Amino acid sequence: MAKNLANLQSQMQNDILKRESRVLKRFSVPKHTTAEKRFAVYQDAYQIRLIEVLSEDYENTWKYLGDEQFYKLAVEYIKAHPSDQTNMRWFGRHFPEFLTQCSLSSDHPILTEIASIEKAIEDAFDAVDDQTATMENLAAIPPEAITGLTFKLKSACRLLRQQTNALDIYMALVNEQTPDALESFDQPRHTLVWRNDMMCQYRALDAEEGMLVDLMFDGKDFALMCEMAATMRDADSAATRVAGHITNWLQTQVISELIIAK
Amino acid sequence: MIDKPPFLGFGLGLRPQHYPEILDAETELPIDWFEIISENYMVEGGRPLQMLDRIKERYPVVMHGVSMSIASTAPLNMEYLGRLKKLADHANPKWISDHLCWTGVHGVNLHDLLPIPYTEEALNHVAGRISQVQDFLGRRIAIENVSSYIEFEESEMDEWTFVAEIAKRADCWLLLDVNNVFVSGQNHQFDDGNFIEQIPVERVVQFHLAGHSEGEDVLIDTHDQPVCDEVFELYENALKRFGPVSTMIERDDNIPPLAELLAELDRAREIASGVLSPEQLKTAA
Ligand SMILES: [Fe+2]
């Protein structure tokens, strides 16, 4: 085991993470400069690089918070969650959850919700390329199997349940517009994030569609979806409404598989 | 002695900003090959892999990683190497490279290319790990010299001696980053021409040309600027020593339109045609 090297690396890493200087005596640098100055290049780079990644991954959370607050939270996050990933792509994965606990957040539940939209879109971007169910697949289902039909959503799909108008605010930020004032709701609002032809998409769902997507995620069948839809709005047209949603989901690549009950 | 992979000509680092320009180009672009950043394609699916599939249909590809941490004293990350191998099976690269550096210990990744002291202990340690990786991947890998801002009191040899010895002991290829030689030469006041003279010709399979920026009393390897004149000069010397070696422009930040990088690549071509014969400049393809 390379004991000396191991000891050096531990010291150097500690001093980069904590901006300490015990390791300096082990460096040699030309006379016209100092070990402090040269080591600072590494110490600075560490924080700058990670803040940059967070500000790219959570660009709209950053816009919403402003430079100063975002920077403060990013520095706190870096301390709380040093990267343990080989790809910086995953460094910020705890950021939405971190925002629920951070000091600024108690009066800003909105932060987590904007960041969650951004994370869901990031996750959809490079999720597994699973198969896509089509209208042809649906047409091939025997009529007697329809009521027991269940649906597997594509891996890229995320259903967000949010207590605020985070989606409206997010969309305004994306379009460089002044966002509306923050609003909170008693009933959660559903946002679907998914990928259609390699493009990440998102849209708000009304209460009925949100419930139906929820049921699909839970593996519930067509019959139950119709039953639940009947309790929300006009009962007679419930099956037609559910069928309409299914058509739309199939056409926009939300569903991966149609599963016939055994 | 050892069978070097083919000379691919003049390439570019593939960057997502250029996907449309590359894939929708109506006339053939003067790019002979692409280097991909391995980690960007070690994902489950989606656009990155779709783009890679389309690029690799039309161009030779090499893989370049930043997270192998070959000089770390932490255990080799087998999960990472497994995913790297899976990507290699998919991308079918001409070769795979990473840096002569460490990126962290104790489960932390500092996402930087950190230098090591040039000691006998480090030589043994790093050469052993390269051999392990090569056994696991079932192929030789190429190791790149990095830019550094500090050196270590405990170093027992020069960087070029260390690099040459690593290649020999691990029986690996070398990726010579000409800008890194220049930057480190300036930062540590060594003769960059001599560095190049000390690197074994038969090991070098690839050159990187990149830009750097100036800090206070230090040059920093930022890859956000055009390649400077001094680096092109050093490149000319390198060609004289190494002959035809696959060359590329490595730009990672402040990324300009493709045309600007093609102009830099043209400059490299022009320099090469002044040094090498048309016969030498023929690519395998
Ligand atoms: Fe490089």
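Worth a mention:
- In Hz, Karplus ³J(HN,Hα) per residue of region A:192-201 (6.51, -1.76, 1.60; θ = phi - 60°; x = Gly, Pro): 9, 10, 7, 10, 10, 6, 6, 9, 6, 10
- Residue order for B:253, B:98, B:24, A:168, fewest other beta carbons within 10 angstrom first, comes to B:24, B:253, A:168, B:98.
- Backbone geometry of region A:48-60 corresponds, through the Karplus equation with coefficients 6.51, -1.76 and 1.60 at θ = phi - 60°, to 3J(HN,Hα) couplings of 4, 4, 6, 5, 4, 4, 4, 6, 7, 5, 10, 4, 7 Hz, x marking Gly and Pro.
- Here the residues A:90, B:95, ranked from fewest to most Cβ neighbours within 10 Å of their Cβ, fall in the order A:90, B:95.
- Placing a label point 7 Å from the Cα of residue A:135 along the Cα-to-Cβ direction, the residues of region A:239-262 whose backbone N falls under 20 Å from that point are A:239-259.
- Dipole of region B:1-87, positive end: most advanced residue of B:30, B:67, B:52 [Cβ charges, Cα centre]: B:67
- In this structure, the amide hydrogen of residue B:13, modeled 1.01 Å from its nitrogen in the peptide plane, lies closer than 5 angstrom to those of B:35, B:249, B:251, counting only residues at least 5 positions away or on a different chain.
- Counting neighbouring Cβ atoms within 10 Å and putting the fewest first, the residues B:143, A:255, B:2 line up as B:2, A:255, B:143.
- Kirkwood hydrodynamic radius of region A:109-262, from the reciprocal of the average inverse Cα-Cα distance over all distinct pairs: 16.5 Å.
- For residue B:25 and residue B:233, the difference between the fully extended length at 0.36 nm per residue and the C-alpha to C-alpha distance is 71.7 nm.
- Calculated FRET efficiency for the pair residue A:145/residue A:185, C-beta based, R₀ 30 Å, to 0.05: 0.20
- Charging the Cβ of each Asp and Glu at -1 and of each Lys and Arg at +1, and nothing else, the dipole of chain B about its Cα centre rounds to 1460 debye.
- Net length gained if the chain between residue A:207 and residue A:10 were fully extended (0.36 nm per residue, minus Cα distance): 65.6 nm
- Ratio Rg/Rh [Cα only; Rh per Kirkwood] for chain B: 0.93
- Cross-link table B:86/B:282; A:18/A:119; A:3/B:86; A:63/A:119; A:119/B:94; B:94/B:168, entries beyond 23 Å C-alpha to C-alpha: B:86/B:282; A:18/A:119; A:3/B:86; A:119/B:94
- The modelled label-to-label distance between residue B:139 and residue A:199, using points 7 Å beyond Cα along the C-beta direction, is 3.6 nm.
- Extension gain, residue A:79 back to residue A:214 (0.36 nm per residue minus Cα-Cα distance, nm): 45.0 nm
- Between 0 and 90°, nearest 10: helix A:109-125 axis offset from chain A longest Cα axis: 80 degrees
- The HN-Hα couplings worked out from phi for region A:91-97 by the Karplus form 6.51 cos²θ - 1.76 cosθ + 1.60 (θ = phi - 60°) are 4, x, 5, 8, 4, x, 5 Hz, whole numbers, x standing for Gly and Pro.
- Qualifying lysines (Cα of each under 18 Å from Cα of residue A:152; at least 8 residues distant if same chain): A:220, A:262
- Residue B:168-residue A:3 FRET efficiency (beta carbon distance; Förster radius 22 Å; 0.05 resolution): 0.35
- Take the Cα of residue A:52, go 7 Å toward its beta carbon, and the backbone nitrogen atoms of region B:199-213 under 20 Å from that spot belong to B:208-213.
- Cα-centre dipole for region A:109-262 with unit charges at Cβ (Lys and Arg positive, Asp and Glu negative), debye to 20: 260 debye
- Helix A:207-217 axis, angle to chain A major axis (alpha carbon atoms, nearest 10°): 80 degrees
- The label point for residue B:225 and the one for residue B:260, both projected 7 Å from the Cα toward the Cβ, are 1.4 nm apart.
- Nearest-ten-degree value, helix A:238-251 long axis tilted from longest Cα axis of chain A: 50 degrees
- Remark: spin-label model distance residue A:71-residue A:175 equals 3.1 nm, labels positioned 7 Å along the Cα→Cβ axis.
- Charging the Cβ of each Asp and Glu at -1 and of each Lys and Arg at +1, and nothing else, the dipole of region A:72-200 about its Cα centre rounds to 280 debye.
- Solution diffusion estimate, µm²/s, Stokes-Einstein, the protein assembly as shown, Kirkwood Rh from C-alpha pairs, 10 °C, viscosity 1.306 mPa s: 61 µm²/s
- A Förster distance of 25 Å, applied to the separation of the beta-carbon atoms of residue A:248 and residue A:100, puts the FRET efficiency at 0.15.
- Summing +1 for each Lys or Arg and -1 for each Asp or Glu among the other residues whose beta-carbon sits under 13 angstrom from that of residue B:264 gives -2.
None of the figures in this text is laboratory data; all of them are computed from the coordinates on show. These numbers come from a predicted model, not from an experiment. Because the Cβ atoms are built from the backbone with ideal geometry, glycine has one as well, and the counts that use them run over all protein chains shown.
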